[in-house]
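For reference, the structure is listed below as structure tokens.
The values are calculated or read from the model by the stated rules, or taken from the named source; none is laboratory data. All values derive from a computational prediction rather than experimental measurement. Note that each Cβ is placed from the backbone with ideal geometry, even for glycine, and that neighbours are counted across all protein chains shown.
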Amino acid sequence: MNAYTFFTTHGAEIFSTTLEHLELVLTAMAIAVAIAIPLGIFIVQHPALRTVALGIASVFQTIPSLALFGFLIPIPFIGGIGKRTAVVALVLYALLPILRNTYVGLTGIDPAVLEAATAMGMTPWQVMWRVRLPLALSVILAGIRTATVITIGVATIAAAIGAGGLGTFIFRGVAMVSDGVILAGAIPAALLALIADGLLALVERRLRVS
Amino acid sequence: MPSPTFAPTKISIEFRGVTYGVNGTTSRAEDPVRQRESTPENGSRIPEHLTHSGGVPEARNAAGGARVLIADVSLEILCGETVVLLGRSGSGKTTLLRLINRMLEPTAGKVLVEGRATTEWDAFKLRRGIGYVIQEAGLFPHFTVAENIALVPTLEKWNAARIAARIQELLQLVGLGGQDFAARYPRQLSGGQRQRVGVARALAADPQILLMDEPFGALDPVTRAELQREFGALAKRLGKTIVFVTHDLREALLLATRIVLLEHGKIVAQETPEAFLQHAHPEVRAFASCLDTEDDATETAAWETSAREEFPRGAGGAKSA
């Protein structure tokens, strides 16, 4: 079956699967952001923990994605077959780019600016909220952008553990030896990644303070 | 110029004691200082070994030995004085300055501001009451000029109308009235204008004390001279107590009511500008001699100019004057 006929005959299914994929990605990203940004702020204030936190996040990044999904299945509470396990794995993947950029953004600020802030009587929290975070925002967003694109790609593999999403078509296509079916998963996934990348790039540019 | 006489010490900053090491400060608020000090380009800052010495009674050098940064310093600064701390890189002048607003804490001895040890002050309150100007101004790039100036008043929760009025007043004061500078961002200003905003920001909450760390050091010579003159006039008018760090003797002579020369963390001379140049200490002579060298440089430039005039381009042997 060629791709065109598959798209025309299965349009509704492709659309709903794309939404399912998007849901996986957004859930994982929301959780990853909620963990990585506060953690980044924390390690800026406790530099001793920096190496450990970044190290652990890097280790997750190095595990092949299919293996990570597999490893999680037997783990109680977060594991098993289905969406929950997939989200956990995706969160682990997304942590590093966000955490690293948060840290780099918060520490890469002109020392003269930070010195002035402190010398003028700002408390450490005021320095964080009013100076460091606003100035780091575009760098942090760049991390979120990278993580989003990675997550959209890796989420296709989540279908292997029954989490659904566009990977369903890809695995089905591989089994059927059908390029058309593979493309039904691959093309929407690629489009999602491109659109997300473009939109976040726009936001990032608006937030940049030169 | 007769040296001015000052009122008795209503506000006084005193350094008393025999030996000062300096604590790497204990609060996270000082992170930026540590970072700044450990950047290689800030060669004149306190050496890096200070940066990890939190809580240790004396600053230690890389080999672990104690190193005294400020020693045998007893300095009283009276209300309305402009004291210039002069010295080479690493002589301890910036350390001394930072002790005043508790960016650094003394490990021995005492630093008193208005009769109270800085360590007894609430650090944030103390700092908000002391204006601070640094090289390159350190303006907040994400704040407009107005927001930069408004920083301390905002922290002190002034009402909006009062802050707005104060911003206009200060822009006038530093020569940035007229055009609408208030809405601009620092990146839209020249170096000299940024430094003017830096001064305005430091003066915002009308502090009695102003600390300035080589504020004009990064400016081109013409702009620097302009700002030095204007600031000198402003300082006289405002009557603030000013502590000013520089390694430029000319600047010191222009602005100071008293010059304090530091060498290896010790005060080696304390004189009025008039008396300073007569002082016999070798370090004073060293500084005075570069004044001569700078004169030579000026003369060389003058000679080059006259040489160009004598031999105009393409004029061959033509006599033009």
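Condition (residue is surrounded by 15 or more Cβ atoms within 10 Å (Cβ to Cβ) and at pLDDT 90 or above) applied to segment A:58-66: is it met by at least one residue?
no
Every test in (1) under 20 Å from A:G105 (Cα atoms); (2) among the charged types (D, E, K, R); (3) more than 14 Å from chain B (Cβ to nearest Cβ) is passed by A:R172 save one, and that test is (1). Taking segment A:1-21 as the range and being of a type in the set (F, W, Y), within 12 Å of A:I182 (Cα to Cα) and within 29 Å of the chain's Cα centre (by Cα) as the test, only A:F7 passes. Listed residues B:I149, B:I130; which is within 14 Å of chain A (Cβ to nearest Cβ), touching a strand residue (DSSP E or B) at 6+ places or on another chain (Cβ under 7 Å), surrounded by 21 or more Cβ atoms within 10 Å (Cβ to Cβ) and under 22 Å from A:A117 (Cβ atoms)? The conditions single out B:I130. Of all residues in segment A:68-88, those that are part of a helix (DSSP H, G or I) and free of Cβ contacts under 8 Å to residues at least 12 places away in the same chain total 2.
Here is a yes/no grid of residues against (1) buried (at least 24 other Cβ atoms within 10 Å of the Cβ); (2) among the small types (G, A, S):
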| position | (1), (2) |
| --- | --- |
| B:E114 | no, no |
| B:E120 | no, no |
| B:R184 | no, no |
| B:G192 | no, yes |
| B:P215 | yes, no |
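Quick check on this structure: which one of A:A189, A:A184, A:A163 is over 20 Å from A:M29 (Cβ atoms), in contact (Cβ under 8 Å) with a residue 40 or more places away in the chain, buried (at least 18 other Cβ atoms within 10 Å of the Cβ) and away from chain B (no Cβ under 14 Å)? Only one candidate passes the filter, namely A:A184.
When segment A:74-83 is limited to residues that are farther than 12 Å from A:A155 by Cα and surrounded by 15 or more Cβ atoms within 10 Å (Cβ to Cβ), the one that is farthest from the chain's Cα centre (by Cα) turns out to be A:G80. Kindly evaluate B:A165 against the criterion of being modelled with pLDDT under 95, of a type in the set (G, A, S) and surrounded by fewer than 21 Cβ atoms within 10 Å (Cβ to Cβ). Against the criterion (modelled with pLDDT under 95, of a type in the set (G, A, S) and surrounded by fewer than 21 Cβ atoms within 10 Å (Cβ to Cβ)), B:A165 qualifies.
Looking at the structure I just gave you, is A:R130 surrounded by fewer than 23 Cβ atoms within 10 Å (Cβ to Cβ), at the interface with chain B (Cβ under 9 Å from one of its Cβ atoms) and basic (K, R)? Judged against the criteria, A:R130 is a match.
Can you say whether B:A183 is modelled with pLDDT of 90 or more, within 12 Å of chain A (Cβ to nearest Cβ), farther than 24 Å from B:E251 by Cβ and not in a helix (DSSP H, G or I), as far as the supplied structure shows?
Numbers: modelled with pLDDT of 90 or more: yes; within 12 Å of chain A (Cβ to nearest Cβ): no; farther than 24 Å from B:E251 by Cβ: yes; not in a helix (DSSP H, G or I): yes.
For B:A183, the condition - modelled with pLDDT of 90 or more, within 12 Å of chain A (Cβ to nearest Cβ), farther than 24 Å from B:E251 by Cβ and not in a helix (DSSP H, G or I) - is not met.
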